[in-house]
Every structure is written in structure tokens, then in C-alpha cells.
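Below is one structure, written out as C-alpha cells; the observations come after it.
The values are calculated or read from the model by the stated rules, or taken from the named source; none is laboratory data. Computed from a predicted structure; not experimentally measured. Here Cβ is always computed from backbone atoms with ideal geometry, including for glycine, and neighbour counts include all displayed protein chains. Quick note on the areas: whole protein, heavy atoms, side chains included, nothing else; ligands and nucleic acids left out. Shrake-Rupley method; radii C 1.70, N 1.55, O 1.52, S 1.80 Å.
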Amino acid sequence: MQRLDDTRRWVTERAAGIVRLTLTCASLREDTEGGVQAADFDYAAYVARELILRTLSVASVCAGGELELDETQTTFDWFEGVSDDLIAEGSGLALELVGQGPADAEEWLARLSGFVAKAEAMLDLGHPVPDSRASDEMFASLALARDWIDVCAELGGPVIAIAAP
Amino acid sequence: MAESRAAAGSQAHTLRALGDPAGNLAAFMGRHGHTPDDLLGQMSTSLGEPSLAVASGSVVVGYANHKSDVDLYAIGDVPDTQRVPIISHELGPMIDLSLIDQGQLRQQLTWLKESPQVLAVGGAVADQWRTTRRILHRALRLAYGVVLRSTPEWAAIQASLRLGWLADKAVIWWRLEAWRRLVTARWLEPVNPALAAQLACEARLFALKAVTAEAGYAYPHQKWVSTELRAMGRDDLLALFRQALQAAWDVTVPVRDTDKVVDGLIGSPPSNLVVEAAYVPGVATHRLGDSTLVSRWELRGGRLDTAQLPAVRHDGHAIWRGSLEETPPEWLRQLAALGMVWIGVGHAAP
């Protein structure tokens, strides 16, 4: 059994985190992988910074951070509540792409996946979030997001704020 | 990559793409065993014949990588799908089809062209910004598009988008975006240097995008800015681009360094610019003695050392206006640090 101090906040955090991972992060991962594989490290560094910030925001929302990710809001804090270690890991990955790019691109991509998985694990779902880019997992990822958003709505959570990042 | 003019224009800011858009589209469709004409078949016959059918997107502009898709726009007497395209895989590559109501689009383009300012202050700060961005980006995508079918009226409207005035507005838009980041970075530097560093990085990147747009590379997505700088042969600016991405993670780089870089790229801001701050949705305030409790969605918040906060207004209008150089009042800096305000930069009315 798991005791929860504030069920509405706990469910809203997870719903927000799932939406961020399945929508925004998925397409940015595709862009980053495309850039790295094409050895266009300038493009890859641009999109990877955005991906890494969004990944940190998943860790942030699980640590009391902002629930509504509005990327047009310049005051949105990607880092609130995130551990220094995870921020250092993210910035290290981002900086490796700038300029010449990493010595071993595939190894860098594997470390990026590990970084995203760490933030995902903070949602404490007990299973990985399905990959919304994979045709065989797309519907499972949508169903997962819908399930959590439904419960969030039942608890009176701010569904409008988290459903459209 | 060869650089060419996407269309002839009479003013300075002629739209530029990599390669010829029609050729880019034909080559992309050819790789999937199709022709651009096959795209017309993607538009359901039940919608009737569109007044304007345009293929656009990074593929057409020549920026595509192997994961890129084609954006198809059908303009006519159709329900407007707004931000949510209909996705089709039928032709092999991914096609995003957006339906646009022609009456609404005609109005939007007239408004865009005739507005004296790209972004005027007053009104709901964030909503006004979003509306302007949506219309400006939509117009730019159509301007870059390859026309697949059109009535004479819409052929003329589409051609008018390439005459320079639209690119001029795009240049101003990216400059405003750079200054908006810079102002927020200055405000947050003393209280959240990590976030200020990211904003300073973005101020530099948006200023670079304003430079590429000024050279005609006005396609509305800043993620291609390095591709555009390379096409311009500007290795010096590519070096600035990489410095910006490094500075994003370096809290020891003061924001005033970014002031200088941005000034060097886009010049000083005009004197009629105004900074606006509005509460974000979901904010509530509660007086607690000499302090005020500020919460958002009743799920996150903070306590401010003041009993004098502006009342919450639900219309999204500004609770504070000032100049770019102005130091914000302490209560506003605290609200910004808590992420409770949306900050905008626009032109004062003449």
C-alpha cells in the first residue's frame, strides 16, 4: 500500500508528467535522434536542449513544481525542485552536442535514453510510459494519458492546464 | 546546399529557401513514388474543391531530415481545424492536413497586413501574443508553400504574402521575442540564475533568428536557425549560436553579456516598447497579515512579503506596465520567480 498526502496533487503530477513525455518529449526525441544520426550537431544541440529542459520539467512536477507547462511563459521554471545531480546530467548531455558533437553518437543517444528514463521513473507508475512514436504503442500511450487525465478530472484537478502542453 | 529565392519580391526582405520549393516537394514526393498532384487526392472530395491548396513545411523549404513530413493546407468553405492537423500516412510519408476557413483567413491576413504594430500592448497579454503568433506563422507557412490549386483571387492573395511586408513583420516578431526573453532574464537573474541563463540563451537564439529572417529566411520555426546561418555562409554567427547554447548552462555568464550580444545582432530596442505582466490562469491570492499567499490551481504556491498585491483579474489583462530597462517592483519579481505572471513585450499605441 502507498500512502498519499495529497491525492489531487499526486494524480495531477502524474497526469502532467505523462502528457509531457508522450507528446512534447516524444517529438523532440525524434528531432534529436534525426539530427544526431545526420551528424548535424548544431540542429541536434538546439532541439536536445529543449528536450532536456522538458525532461527536467517531468522531474520538477514530481517534486512540487509547476503543473502547467506553457513554453510561451518565460517565467516557467524547468528546474524547480530538481536535484543538482539530474540537472548536471542534463546539462552535461546538452553541452556534449555543442560544436563537434559526441565522439560516439550511439553511446550518447543511449545515455540520453537513460536520462529520460530517470525522470520517467519519478512518476512511479511501475511500468515504462509507452512510446507514442511507435505504431504498436501509440494507442497504449494515448490510453494511459486518458486514464490519468480522467482520474485527475474526477478529483477536481486542473485538466485544462495539463492536457495541452 | 544551393540557396535560391523562393519568390521575386520588390522589397528588401524577399523570402528565401534552400533550393527551389517546387523542386524540393517534387523530389520528396518522388522518393515515395508519388507526385505533388497526388497530394490533392488527400483532400476529401466531400469538402468540395478548395479555393487554395498549398503544400508547405520544412520539406518544401529544403530543411527536411528523413523524419520530416509535408504540411498540406486546404483553404475553402471548410471547418477550420485550427492547431490540430489531420494526419495521413496513405502516401507513405506523413502528411499533416489542415483545413482553413477562407472567410476567416481573409480577415486574419487583412488584420495582419493592416495592423500598424506587430504586437500592440493593451488587452489580454498572453492571448493577444498567441493570436498574433498563430496568424503570423500561418501566413508565413502559406507564403512559403507550393500552390497545388487556386482560384485567381487566392493566387493573388498568396502571391501578396511574398512581397516583403510579411517578412518585415517576422523580423520584428523575432526581435520582440529576443527582448521578451532578455527582460525576464534580467528580472530573474538575482533569484533564479539557472532559469535566467536559459532565457539569456534564448534571447541570443531569437536575435539570431531575427538576423536570418532579415536575410529572407523567415520560415517560422527557430529550430532551423543554424541551417539558415550555414546557408548564409555566416560562420561568425554560427560561433555565436554555439556560444549561446553553451551559456544556457553557465550561471557565471552575467545577463549583461547577453545584452551586448543581442544589441550587436538586432540593435537597441525602440523607445516605444512596453513590458507587460499579467497573472497566469488559475492564480488566487489570500491576504495573511503582512503577507500574501499566492496559489495556482490551489496546488502550488508561495507566500509573498507584501500585503499589497494587485487584485487577480481573470481577463488576462496586465497588472503592471513598464519600460524594458526598468527594475520591476519587488512584488513583481517575486511573482515572476514563482511563475505566477506571463510577461509580454509589445509596442505602445502611436
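Summary of computed values
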read-out	value
Test: residue in segment B:193-206 that is open to solvent by 10 Å² or more (accessible area, probe 1.4 Å) and more than 14 Å from every other protein chain (Cβ to nearest Cβ)	no
Search result, residues across segment A:66-93 that are more than 8 Å from chain B (Cβ to nearest Cβ) and among the hydrophobic types (A, V, I, L, M, F, W, C)	A:Leu69, A:Val82, A:Leu86, A:Ala88, A:Leu93
Residue under evaluation B:Trp342, criteria (1) assigned to a strand (DSSP E or B); (2) under 24 Å from A:Arg49 (Cα atoms); (3) open to solvent by 60 Å² or more (accessible area, probe 1.4 Å), criterion not met	(3)
Matching option when the condition is closer than 20 Å to A:Arg29 by Cβ and assigned to a loop (DSSP other than H, G, I, E, B), among A:Ser135, A:Ser113, A:Ser141, A:Ser60	A:Ser135
Of all residues making up segment B:124-133, the number that are within 12 Å of the chain's Cα centre (by Cα) and either open to solvent by less than 20 Å² (accessible area, probe 1.4 Å) or closer than 24 Å to B:Gly62 by Cβ (or both)	3
Residue tally, condition surrounded by fewer than 21 Cβ atoms within 10 Å (Cβ to Cβ) and hydroxyl-bearing (Ser, Thr, Tyr), over segment A:4-29	3
For A:Val116: the one exception among (1) more than 14 Å from every other protein chain (Cβ to nearest Cβ); (2) open to solvent by 30 Å² or more (accessible area, probe 1.4 Å); (3) in contact with a Ser or Thr (Cβ under 7 Å, 6 or more places away or on another chain)	(2)
Residue count for segment A:144-164, restricted to those that are open to solvent by 60 Å² or more (accessible area, probe 1.4 Å) and within 14 Å of chain B (Cβ to nearest Cβ)	3
Yes/no for B:Ala167 being more than 14 Å from every other protein chain (Cβ to nearest Cβ) and either in a loop (DSSP other than H, G, I, E, B) or under 29 Å from B:Val60 (Cβ atoms) (or both)	yes
When residues of segment B:293-313 are limited to those that are more than 14 Å from every other protein chain (Cβ to nearest Cβ) and within 29 Å of the chain's Cα centre (by Cα), the one farthest from B:Val125 (Cα to Cα)	B:Val312
Hey, A:Ser135 of a type in the set (Gly, Ala, Ser) and either in contact (Cβ under 8 Å) with a residue 40 or more places away in the chain or within 21 Å of B:Gln243 (Cβ to Cβ) (or both) or not	no
Residue within segment B:280-287 that is farther than 27 Å from B:Trp129 by Cβ, open to solvent by 10 Å² or more (accessible area, probe 1.4 Å) and not aliphatic (A, V, I, L, M) present	yes
B:Thr285 being hydroxyl-bearing (Ser, Thr, Tyr) and either closer than 30 Å to B:Pro350 by Cβ or within 14 Å of another protein chain (Cβ to nearest Cβ) (or both)	no
Single match in A:Asp150, A:Asp131 (criterion: touching an Asp or Glu at 6+ places or on another chain (Cβ under 9 Å) and either farther than 29 Å from B:Leu299 by Cβ or not small (Gly, Ala, Ser) (or both))	A:Asp131
The lone exception for A:Trp78 - which of (1) assigned to a helix (DSSP H, G or I); (2) among the aromatic types (Phe, Trp, Tyr); (3) over 16 Å from A:Val11 (Cα atoms) it fails	(1)
Some residue of segment A:101-112 being under 30 Å from B:Trp179 (Cβ atoms) and surrounded by fewer than 22 Cβ atoms within 10 Å (Cβ to Cβ)	no
Every residue from segment B:323-340 that is touching a helix residue (DSSP H, G or I) at 6+ places or on another chain (Cβ under 9 Å) and over 14 Å from B:Ala185 (Cα atoms)	B:Met340
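Table: residues versus (1) of a type in the set (Val, Ile, Thr); (2) open to solvent by 10 Å² or more (accessible area, probe 1.4 Å); (3) more than 18 Å from B:Gln108 (Cβ to Cβ).
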| residue | (1), (2), (3) |
| --- | --- |
| B:Arg138 | no, yes, no |
| B:Val146 | yes, yes, yes |
| B:Ala156 | no, yes, no |
| B:Arg181 | no, yes, yes |
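Let's see how each residue does on (1) in contact with a strand residue (DSSP E or B) (Cβ under 9 Å, 6 or more places away or on another chain); (2) farther than 30 Å from B:Gln246 by Cα; (3) hydroxyl-bearing (Ser, Thr, Tyr):
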{"site": "B:Lys260", "(1), (2), (3)": "no, no, no"}
{"site": "B:Leu273", "(1), (2), (3)": "yes, no, no"}
{"site": "B:Val283", "(1), (2), (3)": "yes, yes, no"}
{"site": "B:Glu298", "(1), (2), (3)": "yes, yes, no"}
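A quick yes/no check of all residues on (1) within 14 Å of another protein chain (Cβ to nearest Cβ); (2) open to solvent by less than 10 Å² (accessible area, probe 1.4 Å); (3) free of Cβ contacts under 8 Å to residues at least 60 places away in the same chain:
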position	(1), (2), (3)
B:Ala210	no, yes, yes
B:Ala215	no, no, no
B:His221	yes, no, no
B:Asp259	no, no, no
